[in-house]
Amino acid sequence: MFTPELLAQPGFRNGLLAVVLVAVIIINLVPGLNFPFRLINTTFHELFHAIAAAFSGGRVKGFEVYFKPKDDAAGITETEGGDTFFLFPAGYLGTALLSAGLMLVAGLPTIAPNALGILGALLILFTLAFAYWRSAAALLIGLGFGALFIWVAWRTDLFWAILLLNLIAIQGGLMALRSLQVLIRSIPGAKGSDDASQMASLVGCSPMLMAWLWFLLSAGALASAFWFTWLRNLTA
């Protein structure tokens, strides 16, 4: 059985890092294995839009997640009102910062399982609060993954909770950066309809500059979290 004391040993931590990185490589190389992570990352992206709207005085009509991308979108959130300054970047920056935060928590074995369980509970809560009730996909994904996170956190060995939390964090971070790369490539043909273009119009800069700023902020947060959680200990 794995214990926090065992996971705190430098040699064992290095071995765990190797296991996590090999798992991430396999997930990204084997067709289909990345699919569940795309679904959960899209759910987080849409939920951050919804949360930003709700907490800035707006109303959330609902969100959907598509099993197969529709009109080049993996999901959509419909809101009314709210502060657009928070709404536009919420999906991209929210998922990146969440991944960075989860990466930091995953390096703390005494609280990592509870963090995973709380993440699952919040996922269920926000899904029930914001998902379209006609959207079976959004409900299935949010409630299903939420229940899975809770079960792994509190009903399995510590190793599995930490492994899953690391996979969610690292895979989520990679997908957040990929989605920003797609955003950057799509700006020339988007004709101002994308989040970066609409945010840029608020602050008076070019959409490409705004998208790159989001990318650099996300990459910096993720790189810092990875260094603090793993590389700092390798060089200590």
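Things to note:
- Glu46 crowded, with 20+ Cβ neighbours inside 10 Å, within 24 Å of Leu177 (Cα to Cα), in contact with a strand residue (DSSP E or B) (Cβ under 8 Å, 6 or more places away or on another chain) and of a type outside the set (A, V, I, L, M, F, W, C): yes
- Checked against (1) closer than 14 Å to Ile40 by Cβ; (2) small (Gly, Ala, Ser); (3) in a strand (DSSP E or B), Gly62 passes all but condition (1).
- Screening Leu33 on (1) among the hydrophobic types (A, V, I, L, M, F, W, C); (2) in contact (Cβ under 8 Å) with a residue 12 or more places away in the chain; (3) assigned to a loop (DSSP other than H, G, I, E, B) shows it passes everything except condition (2).
- Taking helices (runs of 4 or more DSSP H) as the structural unit, those lying wholly within the range 122-228 and holding at least 1 residues that are exposed (fewer than 15 other Cβ atoms within 10 Å of the Cβ) and of a type in the set (Phe, Trp, Tyr) correspond to 136-155.
- Only one entry in Thr77, Thr127, Thr84, Thr95 is more than 19 Å from the chain's Cα centre (by Cα) and hydroxyl-bearing (Ser, Thr, Tyr), namely Thr84.
- Counting the residues of the range 160-196 that are in contact with a Phe, Trp or Tyr (Cβ under 6 Å, 6 or more places away or on another chain) and either under 19 Å from Trp212 (Cβ atoms) or at pLDDT below 90 (or both) gives 2.
- Single residue of Ala74, Ala115, Ala50 found to be in a helix (DSSP H, G or I), touching a Ser or Thr at 6+ places or on another chain (Cβ under 8 Å) and of a type in the set (Gly, Ala, Ser): Ala50
- Summed over the range 43-60, residues that are without any contact (Cβ under 8 Å) to a residue 40 or more places away in the chain and not hydrophobic (A, V, I, L, M, F, W, C) total 4.
- If you go through the range 98-125 and pick out every residue that is of a type in the set (Val, Ile, Thr) and modelled with pLDDT of 95 or more, you end up with 2.
The values are calculated or read from the model by the stated rules, or taken from the named source; none is laboratory data. Please read all numbers here as calculations on a predicted model, not as lab measurements. Note that we place each Cβ from the backbone using ideal geometry, even for glycine, and neighbour counts take in every protein chain shown.
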